Amino acid sequence: MKQTLLNLSANGRLIAGLLVNLLSSICIVFINKWIYVHYGFPNMTLTLVHFVVTWLGLYVCQKMDIFAPKSLPIRSIVWLALSFCGFVAFTNLSLQNNAIGTYQLAKAMTTPVIILIQTTYYKKTFSTKIKLTLVPITLGVILNSYFDVRFNMLGTVFATLGVLVTSLYQVWVGAKQHELQVNSMQLLYYQAPLSSGFLLCVVPMFEPLTGDGGIFGPWSLPALATVLFSGVVAFLVNLSIYWIIGNTSAVTYNMFGHFKFCITLVGGYLIFHDPISINQALGILCTLAGILSYTHFKLAEQEEGKSRLAQRP
């Protein structure tokens, strides 16, 4: 009975974390789109603001005794912080040098690359059933972006680097929490300011710091208020990402990311009246079928693992 209550409590926390990530991720997509369209705020500068606000939010949380910071050597998380900057930079360069369809197709490759990294370097095993769930998901992404897939040499290089660095970043988020024995807040508390510092060095290469469109440009009060609100939502997004990966896996988080992509497409259709073609509708259905299959097989594997533990003398 006690074990059942503990399992229900753990599942409840997981569902709550996924729900927070779902709502905040969808919310931030539409807030950011509003910021880009109506204020022209630069993309990487907005990401920098997000991480600064995330660190400030965590600072307030630790002052309120919501969590206790754990002293970590900088060298233990420097590659994590650098990989975040690389993920932001290469993802933006991929978006700038590729069609939207090509960009989305490249992002879908993150899941198999994560599986490859974890299998090769972390000796983690994945069942054939889990691997096969990638087929309908990849097919769904291809159907969504079929008419907008165009390859070029520079765009392909940036897309490939973006996938590799993003995959490493997401794997390391989970690995570092277990390696350093810290929770999501404790790790993000150190990584956020470090990544902000590195990102501040990268931003001038792509975006101006002053003048029109710069981080210290002449922004209106409504623009600054919206950017600040976006930062608060980003705090919830970043924290929930770390929490989900730390409590499940990078693959599970990516599967959830595909689900959010489907919800975002439907939300764009309902809120912004963005058109959805038959191909896109089929793509959404294929992606959802893959996600449901992954969830079913993953839950079955967990139940099988629990049964084996229960049978041990």
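The values are calculated or read from the model by the stated rules, or taken from the named source; none is laboratory data. Keep in mind it's a predicted model, so treat the numbers as computed, not measured. Backbone-built Cβ (ideal geometry, glycine too); neighbour counts: all protein chains shown.
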Q | Residue count, region 104-131 (criterion: touching a residue at least 60 places away in the same chain (Cβ under 8 Å) and over 27 Å from Ile276 (Cβ atoms)) | A | 7
(Q) Quick check on my filter: what residues within region 212-236 are among the aliphatic types (A, V, I, L, M) and assigned to a helix (DSSP H, G or I)? (A) Leu221, Ala223, Leu224, Ala225, Val227, Leu228, Val232, Val233, Ala234, Leu236
(Q) I'd like the residue in region 76-94 that is among the aliphatic types (A, V, I, L, M) and within 19 Å of Asn254 (Cα to Cα) and, out of all such residues, is surrounded by the most Cβ atoms within 10 Å (Cβ to Cβ). (A) Val88
Q: Give the residues of region 21-31 that are at pLDDT 80 or above and of a type outside the set (Gly, Ala, Ser), sorted by residue number.
A: Asn21, Leu22, Leu23, Cys27, Ile28, Ile31
Q) Which of the residues that make up region 253-274 are touching a helix residue (DSSP H, G or I) at 6+ places or on another chain (Cβ under 6 Å) and not in a helix (DSSP H, G or I)? A) Asp274
Q: Could you tell me which residue of region 45-63 is farthest from Leu209 (Cα to Cα), considering only residues that are at pLDDT 90 or above and aliphatic (A, V, I, L, M)?
A: Val60
Q: Return yes or no: is Val182 more than 18 Å from the chain's Cα centre (by Cα), over 26 Å from Cys27 (Cβ atoms) and buried (at least 20 other Cβ atoms within 10 Å of the Cβ)?
A: yes
Q | From Gly268, Gly231, Gly246, Gly213, residue being over 25 Å from Asn43 (Cα atoms) and either of a type outside the set (A, V, I, L, M, F, W, C) or surrounded by 16 or more Cβ atoms within 10 Å (Cβ to Cβ) (or both) | A | Gly246
Q: For region 152-179, enumerate the residues that are small (Gly, Ala, Ser) and surrounded by 22 or more Cβ atoms within 10 Å (Cβ to Cβ).
A: Ala159, Gly162, Ser167, Gly174
Q.
For region 33-125, give me every one of the helices (runs of 4 or more DSSP H) that falls completely inside it and has 1 or more residues that are over 25 Å from Leu188 (Cβ atoms).
A. 78-97, 100-108, 110-121
(Q) Taking the criterion of being crowded, with 19+ Cβ neighbours inside 10 Å and within 18 Å of the chain's Cα centre (by Cα), would at least one residue in region 126-133 satisfy it? (A) no
Q) Of (1) at pLDDT 85 or above; (2) surrounded by 14 or more Cβ atoms within 10 Å (Cβ to Cβ); (3) under 30 Å from Pro218 (Cα atoms), Ile117 satisfies all except one. Which? A) (3)
Q | Residue under evaluation Leu209, criteria (1) modelled with pLDDT under 85; (2) assigned to a helix (DSSP H, G or I); (3) not aromatic (Phe, Trp, Tyr), criterion not met | A | (2)
Q) Would a scan of region 275-295 turn up a residue that is modelled with pLDDT under 75, under 21 Å from Cys27 (Cβ atoms) and either among the hydrophobic types (A, V, I, L, M, F, W, C) or in a helix (DSSP H, G or I) (or both)? A) yes
